[in-house]
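The structure appears right after this line, and notes come after that.
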Amino acid sequence: MPELPEVEITRRGIEPFILGKTITGVAVRNPNLRRRVQRNIERLIVGRLVERVVRRGKYLLFECEGGSLIVHLGMSGSLRVVEPQAPPRKHDHLDLIFGGTALRLRDPRRFGMVLWNRGDALRHPLLARLGVEPLGEQFSAEFLHRATRGRDVGIKQLLMNANVIVGIGNIYANESLFAAGIHPRTRAGRLSRARCGRLVAAVRDTLLAALAAGGSSLRDFVHSDGASGYFQQHYHVYDRATLPCRVCGAAIRVARLGQRSSFYCATCQK
């Protein structure tokens with residue numbers, strides 16, 4: 001599933017092509033996404049100027065006068081910049097057309113979303129309760145220490161709780177915990193302020209490194225220009241079960257936590 005780095009890279013890739021541009025058309029080939037595409041989507045958005053392209057968690061917001069187009073890539077989606085007349089491929093479900101340029105949503109699993117929302121998108125039920133941005137100023141040792149008090153859940157599950165911290169999925173939660181030397185099963189409420197500080201720094205460093213590497217090449221994810229990221233070449237634990245730890249040489253282990261695979265080094269992560 002595209003996580004914060006992949007969504008932010010998508011935002012940066014598409015912004016030059018749509019910022020300040022007017023939506024001139026919509027081509028809906030399959031409306032049956034996670035939320036069915038609105039029947040009157042063309043009437044709602046054609047003629048609107050895109051004033052800002054922002055990311056909130058894993059959501060992309062195309063802010064226009066009077067409202068925003070809320071886009072989510074789901075588990076397998078990607079947005080590609082193409083010519084409007086380019087023949088669609090299988091799973092190319094929707095085009096947003098900006099004159100001679102189109103944004104094409106490809107989504108094999110159809111868990112993505114394209115939704116027009118009048119008014120402030122941040123008040124929409126999908127976004128109103130989202131937690132802090134891990135690359136923002138609010139995400140600090142003090143914040144994480146407060147957020148973990150009294151919580152018996154494992155710290156990896158808390159990192160992936162979008163009502164607490166947004167955008168950290170399974171890949172970057174695994175990698176961040178390894179970098180901080182914290183076992184994924186560690187009860188969140190037992191973390192000291194110092195360990196919270198180490199984890200905050202590890203999350204930031206991991207996400208920034210992923211951004212610099214162009215994100216991870218997930219099975220269905222590609223950049224807006226069709227390129228792939230290469231952060232997966234730097235994974236320390238994710239998807240490396242039984243392989244030697246890059247630091248100590250011990251075999252990487254895998255366990256199921258919260259119905260997700262958790263990869264860790266029992267020697268480096270206490």
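The values are calculated or read from the model by the stated rules, or taken from the named source; none is laboratory data. Predicted model only: the values in this text are computed from it and were never measured. Glycine gets a Cβ as well: all are built from the backbone with ideal geometry, and neighbour counts include every protein chain shown. We work out accessible area using only protein heavy atoms, side chains counted, and drop any ligands, DNA or RNA first. Shrake-Rupley method; radii C 1.70, N 1.55, O 1.52, S 1.80 Å.
The table for this structure:
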read-out	value
Contact order relative to length of segment 25-111, as percent, for alpha carbon pairs under 8 angstrom and 6 or more apart	31 percent
In Hz, Karplus ³J(HN,Hα) per residue of segment 151-168 (6.51, -1.76, 1.60; θ = phi - 60°; x = Gly, Pro)	9, 8, 6, x, 4, 5, 5, 5, 4, 8, 7, 5, 7, 10, 9, 9, x, 8
Rounded to 5, percent antiparallel among DSSP beta bridges of segment 1-137	100 percent
Set of segment 57-84 residues, backbone N closer than 13 Å to the point 7 Å along the Cα-Cβ line of Lys21	80-84
Helical contribution to [θ] at 222 nm, DSSP H n ≥ 4, -39,500 (n - 2.57), averaged over the chain, rounded to 500	-7000 deg cm²/dmol
Close Lys-Lys pairs in the chain, where close means Cα under 25 Å and separation is 8 or more or interchain	4
Length-normalised contact order for segment 74-227 - Cα pairs under 8 Å, 6+ apart - percent	25 percent
Area accessible to solvent at Cys196, 1.4 Å probe radius, in Å²	0 Å²
Surrounding net charge for Val164, when Lys and Arg each add one and Asp and Glu each subtract one, Cβ distance under 11 Å	+3
Spatial separation of Cα centroids for segment 10-68 and segment 117-192, in angstrom	28 Å
Hz values of 3J(HN,Hα) by residue in segment 83-96 - Karplus curve (6.51, -1.76, 1.60), Gly and Pro given as x	7, x, 8, 4, x, x, 9, 4, 6, 8, 8, 7, 10, 9
Protein-only accessible surface order, largest first, of Thr148, Thr242 at 1.4 Å	Thr242, Thr148
Mean Cα-pair separation over length for the chain, i.e. relative contact order, pairs under 8 Å, 6 or more apart, %	19 percent
Accessible area of Glu142 in the full protein assembly, 1.4 Å probe (Å², nearest 10)	90 Å²
Sequence of Thr267, Thr206 from largest to smallest accessible area, 1.4 Å probe	Thr267, Thr206
Principal-axis tilt of helix 193-212 within the chain, Cα atoms, nearest 10 degrees	40 degrees
Rounded to whole Hz, the Karplus (6.51, -1.76, 1.60) HN-Hα couplings of segment 25-35, x for glycine and proline	x, 9, 10, 9, 9, 9, x, 8, 9, 3, 10
Surface per residue (accessible, 1.4 Å probe) for segment 1-113, Å²	44 Å²
Filtered GluC sites (Glu not before Pro), segment 37-119: DSSP coil and at most 13 other beta carbons within 10 Å	Glu65
Sequence-distant residues sharing a close amide H with Met160 (under 5 Å, placed H)	none
Protein accessible area in the chain, 1.4 Å probe - carbon and sulfur %	48 percent
